[in-house]
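The values are calculated or read from the model by the stated rules, or taken from the named source; none is laboratory data. Just so we're clear, the structure is a prediction, and the values are computed from it rather than from any experiment. Cβ placement follows ideal geometry from the backbone for every residue including glycine, while neighbour counts extend to all protein chains displayed.
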Amino acid sequence: MNFKFFKTKFTLYLLFWLGTSCFFYKEGKSEVSLLKQDQKTSISNSDSGIKQGNSQSLLSRNLLQEDEFATGWKKKSPSKAFLLSLALPGTGQIYSGDKTKGKLFLSAEAVWWGSFWLFKTLGNWKEEDYKNFAAARAGVNLEGKPEDFFSNLSFYSSRDEYNQFTRLYNGPTEPIYPEDDLWNWEWESTEMRLKYRDLRNQSKTFDRRALYSVGAAILSRIVSGLDAARTAKKYNQKKSLEQAGWEFHPQLDFSKSGLKWKLLCKKSF
């Protein structure tokens, strides 16, 4: 009897323990499942947030690009274009978008300064020629002589002739050349003096052309600067009209009545 009661009681405890274990096992398993699901959800939300952030960043980037595309150009400064071409002709035109005129002005600048160098070099060569010729044909001492001395050599056959004419026409108080070997000259013939004059005139002609080249370079800078400022203004006006949807196309029509010029205007909507 006691043995049966003990057996029954043990069986009940065993069943209760098994039932409790199964219950807690299911609860623990469900909690683990919920925890994993929460982790997956948080990871998914995090990925979604990153993707959303990337999408927003990409959208912002696209909007910025669209804005830049909508503008599509940068305004040119006429004053900057003027100063650029004033410093170096053609650079203001290139800055303002007209490379063709820029290259033309740059080429002209190269021509002017190339001409200056060429004419100055030729003038110096001719100067050496006429001075050496004077030393050889008139016995001139070249050391320390001013420019007017070499000019007088062209018109007077000797120092004595120059002194006589100076005293005669300008009076006895007019300065004359000292009567010593340092300032003496006497041409072998009138032909030699005229040849000397021709060499000296050639030298002076080259010097004047070199000076004209510098003047042309300065004038080119002014013209290029004014044109560059005008080109920058035209560039800004053209781009503003294009942005507003306006297009202008000049046309030439050849007909029996003659040549006609037309300006075609278009407006985009």
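If I ask for residues that are of a type in the set (K, R) and either surrounded by 18 or more Cβ atoms within 10 Å (Cβ to Cβ) or not assigned by TED's automatic domain parsing to the domain that holds R208 (or both), which ones from the range 104-140 would you list?
Residues satisfying the conditions are K126, K131, R137.
Name the one entry in S158, S203 that is surrounded by 11 or more Cβ atoms within 10 Å (Cβ to Cβ) and in contact with a strand residue (DSSP E or B) (Cβ under 6 Å, 6 or more places away or on another chain).
Going through S158, S203 in turn, just one is surrounded by 11 or more Cβ atoms within 10 Å (Cβ to Cβ) and in contact with a strand residue (DSSP E or B) (Cβ under 6 Å, 6 or more places away or on another chain): S158.
Being within 30 Å of K99 (Cβ to Cβ) and either at pLDDT 95 or above or touching a Gly at 6+ places or on another chain (Cβ under 9 Å) (or both) narrows it down to one residue among Q237, Q243, Q202; which is it?
Q243
Please determine, by comparing only the residues of the range 177-193 that are under 25 Å from E143 (Cβ atoms) and part of a helix (DSSP H, G or I), which one is modelled with the lowest pLDDT.
Checked the range 177-193; the qualifying residue modelled with the lowest pLDDT is D181.
Under 6 Å between Cβ atoms, which residue pairs at least 6 apart in sequence (or on different chains) link something in the range 102-117 that is in contact (Cβ under 8 Å) with a residue 40 or more places away in the chain and within 17 Å of Y212 (Cα to Cα) with a partner that is polar (S, T, N, Q) and surrounded by 17 or more Cβ atoms within 10 Å (Cβ to Cβ)?
Filtered contacts from the range 102-117: A108/S220; W112/S213; S115/S213; F116/S213.
Could we say that K101 is under 17 Å from A229 (Cβ atoms) and either surrounded by 15 or more Cβ atoms within 10 Å (Cβ to Cβ) or modelled with pLDDT under 95 (or both) here?
yes
Filter the range 191-212 down to the residues that are among the hydrophobic types (A, V, I, L, M, F, W, C) and touching a helix residue (DSSP H, G or I) at 6+ places or on another chain (Cβ under 7 Å), then identify the one that is farthest from S157 (Cα to Cα).
That would be A210.
With respect to F269, is the statement that it is at pLDDT below 85, part of a loop (DSSP other than H, G, I, E, B) and not β-branched (V, I, T) true?
Yes, satisfied.
Please determine whether any residue of the range 168-176 is within 30 Å of Q202 (Cβ to Cβ) and assigned to a loop (DSSP other than H, G, I, E, B). Walk me through how you get there before you give the answer.
Start the filter on the range 168-176 by keeping residues that are within 30 Å of Q202 (Cβ to Cβ), which leaves 169-170, 175-176.
Of the ones still in play, those that are also assigned to a loop (DSSP other than H, G, I, E, B) are 175-176.
Yes, because at least one residue in the range 168-176 is within 30 Å of Q202 (Cβ to Cβ) and assigned to a loop (DSSP other than H, G, I, E, B).
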